[in-house]
Amino acid sequence: MATGPAPRVLIVEDEAVILRLLEVNFRLAGFEVETAARGEEALAKAAADPPDVAILDIMLPGLSGIEVCQRLRAAPETADVPVIMLSARTQDEERERSYALGVVAYVTKPFEPAELVEVVRRALDTPSGA
């Protein structure tokens, strides 16, 4: 078993109950967790200390998850961070728009936290651009 540092996940979700649920589940799964409730806050945290993976809710106050993803991709220090979109929106155009930005997965609400942890683990095992 690898004994490196715990992978860092940035979870961006404006619903406090969901944010806390995710934070607890990822900590229990051995991740170091950083959280943000707004897109601007997420970008500041990612720029200061880029995460190993980011989970973005699409519908956020201020900048949307789509806009946050675009800005993460545009910044050299976060361009290769795997992004997973989390959304209540199931429309194909939202999913297609997200994948066009290079997200590695699009997870719809409601979701099972353990399954989302596995999606993140797979994203971390996949080299960027694969």
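Values quoted throughout were computed directly from the atomic coordinates according to the rules given, and no laboratory measurement underlies them. Quick caveat, the model's predicted, so the values are computed rather than measured. Quick reminder, even Gly has a Cβ in these numbers, built from the backbone with ideal geometry, and neighbours come from all protein chains shown.
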| With contacts defined as alpha carbon pairs under 8 Å and 6 or more residues apart, what's the relative contact order of the chain in percent? | 22
| message | Could you tell me the relative contact order of region 3-73? Use alpha-carbon pairs under 8 Å, at least six residues apart, and round to a whole percent. | response | 37
| query | Taking the C-alpha atoms of the chain, how large are the radius of gyration and the largest Cα-Cα span, Dmax, in Å? | reply | 13.4, 41
| Any idea what diffusion coefficient region 55-130 gets from Stokes-Einstein, in µm²/s, Kirkwood Rh on alpha carbon pairs, 25 °C, 0.890 mPa s? | 193
| Given springs between every Cα pair under 10 Å in a Gaussian network model of the chain, which of Leu116, Leu43, Leu101 has the largest fluctuation? | Leu101
| Local net charge near Leu21, Cβ-Cβ under 15 Å (Lys/Arg +1, Asp/Glu -1) | -4
| Of the peptides 16-25, 58-67, how do they stack up when ordered by the mean number of other Cβ atoms within 10 Å, highest first? | 58-67, 16-25
